[in-house]
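The values are calculated or read from the model by the stated rules, or taken from the named source; none is laboratory data. Just so it is clear, the model here is predicted, and its values are computed rather than measured. Quick reminder, even Gly has a Cβ in these numbers, built from the backbone with ideal geometry, and neighbours come from all protein chains shown. Each accessible area value is taken on the protein alone, full model and side chains, heavy atoms only, with ligands, DNA and RNA left out. Shrake-Rupley method; radii C 1.70, N 1.55, O 1.52, S 1.80 Å.
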Amino acid sequence: MQNTDILISGAGIAGPALAYLLHERGFTPTVVERAPSPRTGGQAVDLRGAGRTVIERMGLMDRVRDVALSQRGIAFVGPTGTVDARVATDAFGGEGFVSEIEVLRGDLGQLLYEATAAQVEYLFDDTITALVQDDDGVDVTFENAAPRRFALVIGADGLHSRVRSLAFGAEAECVRPLHCYTAWFTAPATTDLDGWYLMHNAPGGLVASVRPGRLPGEAKVGFSFRSTALDYDRRDIPAQKKIIAERFAQDGWLTPGLLDSMGAASDFYLDSMGQVHLEHWHRGRVALLGDAGYCPTPLTGLGTSLALVGAWVLAGELGDAAGDARMAFPRYEEIMRPYVKQGQQLAPGGVASYAPTGALRIALRNASMRWMTRWPMRPLMVKQFAKAGEITLPEYDRVAAH
């Protein structure tokens, strides 16, 4: 193995996980992140199936359980707060709509950062502005740091990947929009949730939700809505909050109070939903990982698993090939493709089921939720959810042995 320096763009979940695994295999990873520090807040992410296996094999499961959310399941509620349908966490063997282990995205990212900070160089408050490849490496220009040369560059920088735009093409060529937007933020817990994740649908494709936070007196609030493409500044948070306030101004339930709490939220973010589909996840000495290469959208519940499994496989193949991208990158794709294809499959109805547009559609969706939790449908649904979360990587055990 010659040059072991590998640059990873993105310090969310995929990036630090890959840095951890690359360091174990003798590489020297550096992580660059646009944010000034590890990102806090964010929605809850599912840790299920193969993703859980990766965390266990990394030796981090005890730490994950320490920061996991305590919750009873999801409840679909009407405008007056009446519960129209409930799906308990254990309804489908802990692998249903709300998995047995759910962690706030910021908490999982922080955990992975802390597990790597002593061994891995992090460049916060910076981003890549140019990549120039040759046969021996990649010259990288940063917005703030001095230019440097790396053997390889990995884009683990999410749906709006900077690395992908520089090395693979414009976002419009890579992302298939679902015409749905979602916002999340932390707020004071103004109502007793009793451990339940409450979701309220309103006509027009509106979704308001609130779930228990990890800390006492804390709640996590979500607003989603269906829409054609919006033109907004991704750094202008006040303008984004205004979009949410206007969209949900006429909604009932707990929405007015949740909107009031949005004003003071310091961790607010708004983003579009979309899936990333590419013919290849590598180009020369540059490769993509997680949402940057194959975002499945939050609707599948498998984005975290795809990121973690992808990191495990990519690190394993690079180690096996002594850093030779010509061997490792194609092998990484070959192993991951079937799993990614499976993980990107949306549940029946897709966005239309998550955010129905009319009152009748909302009622039918809630009725279907009640129906699938009862006999004789429950055993069939348990099998279906287990299939969605299971590992289907033929070489997984060989990679895991590295």
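Quick look at the values:
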item: Within the accessible area of the chain (1.4 Å probe), percent carbon and sulfur; result: 51 percent
item: Amide proton proximity set for Val45, modelled H, under 5 Å, gap of 5+; result: Val103, Leu104, Arg105
item: Distance between region 327-356 and region 148-225 - C-alpha centres, whole angstrom; result: 18 Å
item: Rounded to 5, the percent of DSSP beta bridges in the chain classed as antiparallel; result: 70 percent
item: Mean residue ellipticity (222 nm) of the chain, computed from DSSP H runs ≥ 4 via -39,500 (n - 2.57), nearest 500; result: -10500 deg cm²/dmol
item: Global geometry of the chain, whether rounded, prolate or oblate, following the gyration tensor of its Cα atoms and the 1.5 cut on a/c; result: prolate
item: Estimated dipole of region 81-235 in Debye, rounded to 20 [Cβ of Lys and Arg +1, of Asp and Glu -1, Cα centre]; result: 480 debye
item: Surface accessible to a 1.4 Å probe, per residue, for the residues of region 258-333, Å²; result: 30 Å²
item: With Cα atoms, 0 to 90° folded angle of helix 359-372 axis to the chain main axis; result: 70 degrees
item: Tilt relative to the chain, helix 303-320 - C-alpha long axis, 0 to 90 degrees, to 10; result: 10 degrees
item: Listed residue (Leu288, Pro177, Met372) projecting farthest to the positive dipole end of the chain, Cβ model; result: Met372
item: Only Lys, Arg (+1) and Asp, Glu (-1) charged, at Cβ; the chain dipole about Cα centre in debye; result: 1340 debye
item: Region 72-202, relative contact order [Cα under 8 Å, separation at least 6], %; result: 27 percent
item: Rounded tilt (10° steps) of 14-24 against the dominant C-alpha axis of the chain; result: 40 degrees
item: Simple Cβ-charge dipole of region 228-284, Lys/Arg +1 and Asp/Glu -1, about Cα centre, in debye nearest 20; result: 100 debye
item: Charge-dipole axis of the chain as Lys and Arg at +1 and Asp and Glu at -1 on Cβ define it, positive-most pick from Leu131, Gly158, Leu206; result: Leu206
item: Prolate/oblate/rounded label for region 7-132 (Cα gyration tensor, a/c 1.5); result: prolate
item: Exposure of Arg57 as accessible area (Å², to 10), given a probe of 1.4 Å and all protein chains; result: 110 Å²
item: Given charges at Cβ of Lys, Arg, Asp, Glu: the chain dipole, positive-most of Ala307, Ser353, Ala19; result: Ser353
item: 5 angstrom amide H check on Gly73, placed H, neighbours 5+ away; result: Thr89, Tyr197
item: Globularity index of region 319-372, i.e. its alpha-carbon radius of gyration over 2.2 N^0.38 Å; result: 2.01
item: Surface accessible to a 1.4 Å probe, per residue, for the residues of region 202-249, Å²; result: 49 Å²
item: For region 1-156, accessible area per residue (1.4 Å probe, heavy atoms of protein chains only), Å²; result: 40 Å²
item: For region 1-46: rounded, prolate or oblate by the Cα gyration tensor [a/c cutoff 1.5]; result: oblate
item: Karplus 3J(HN,Hα) series, Hz, for region 25-33 with 6.51 cos²θ - 1.76 cosθ + 1.60 (x for Gly, Pro); result: 9, x, 8, 10, x, 10, 10, 10, 9
